[in-house]
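Have a look at the structure below before the remarks.
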Amino acid sequence: MALRKIREAGDPVLEKKCRPVEEMTPRIRELIGDMLDTMYEAMGVGLAAPQVGILKRIVVIDIGEGPLVMINPQIVKTEGEQTGDEGCLSIPGMAGQVTRPNYVKAVYLTEEMEEAEIEGTELLARAICHECDHLDGIMYTQHVEGELHRVEYEEEEE
């Protein structure tokens with residue numbers, strides 16, 4: 001697998017709507033592996049294909065419970081709300097207050113192109129919403145309440 005360049009705010013690819021994945025191919029499989037490697041290297045909890053320049057409806061998420069790969073995800077139900085700091089690998093070093101649903105139910109295809117469903121709350125719900133927004137060309141900054149602020153992340157000791 002390889003690391004891919006994460007596109008940053010201002011790159012027009014981040015404002016485009018992504019196309020559905022019709023079939024699993026070796027190139028799509030390679031892309032998913034590269035997205036996971038890139039997300040982990042950048043110490044993120046989610047990454048969408050347009051963030052690495054590919055206009056396909058694919059997201060990867062790991063909130064610390066192992067990788068979740070979602071192909072053609074669709075949010076089908078939301079409940080409640082949560083407001084908290086949100087950041088993005090495409091806007092490094094910045095965060096802002098965003099209100100998202102506290103519960104999300106989504107349907108998607110697995111890497112085997114089988115239908116699946118997931119329910120998530122709190123951080124997982126936030127990550128699913130954030131990454132699905134990327135697939136429609138929406139950055140979290142469009143939801144920020146107030147101003148973005150700089151954030152410092154401590155490096156983990158090996």
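The values are calculated or read from the model by the stated rules, or taken from the named source; none is laboratory data. Owing to the predicted nature of the structure, the values given are computational and were not obtained by experimental measurement. Backbone-built Cβ (ideal geometry, glycine too); neighbour counts: all protein chains shown.
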Exercise for the section: Could you tell me whether any residue of segment 28-40 is among the polar types (S, T, N, Q), modelled with pLDDT of 95 or more, touching a strand residue (DSSP E or B) at 6+ places or on another chain (Cβ under 7 Å) and closer than 13 Å to Asp133 by Cβ? Expected result: no
Handout entry: Selection from segment 1-20 of residues that are under 21 Å from Gln74 (Cβ atoms) and assigned to a loop (DSSP other than H, G, I, E, B)
Key = Lys16, Lys17, Cys18, Pro20
Exercise for the section: Would you check if Glu158 is modelled with pLDDT under 95 and surrounded by fewer than 16 Cβ atoms within 10 Å (Cβ to Cβ)? Expected result: yes
Practice task
Can you work out which of the residues in segment 79-116 that are among the acidic types (Asp, Glu) and part of a strand (DSSP E or B) is nearest to Met24 (Cα to Cα)?
Solution key: Glu115
Fill in the blank from the handout: Of the conditions (1) in a strand (DSSP E or B); (2) surrounded by fewer than 18 Cβ atoms within 10 Å (Cβ to Cβ); (3) among the hydrophobic types (A, V, I, L, M, F, W, C); (4) within 16 Å of the chain's Cα centre (by Cα), the single one that Val76 does not satisfy is (4)
Problem - Residue check for Glu23: among the acidic types (Asp, Glu), touching a strand residue (DSSP E or B) at 6+ places or on another chain (Cβ under 7 Å) and either part of a loop (DSSP other than H, G, I, E, B) or touching a residue at least 24 places away in the same chain (Cβ under 8 Å) (or both) - result: no
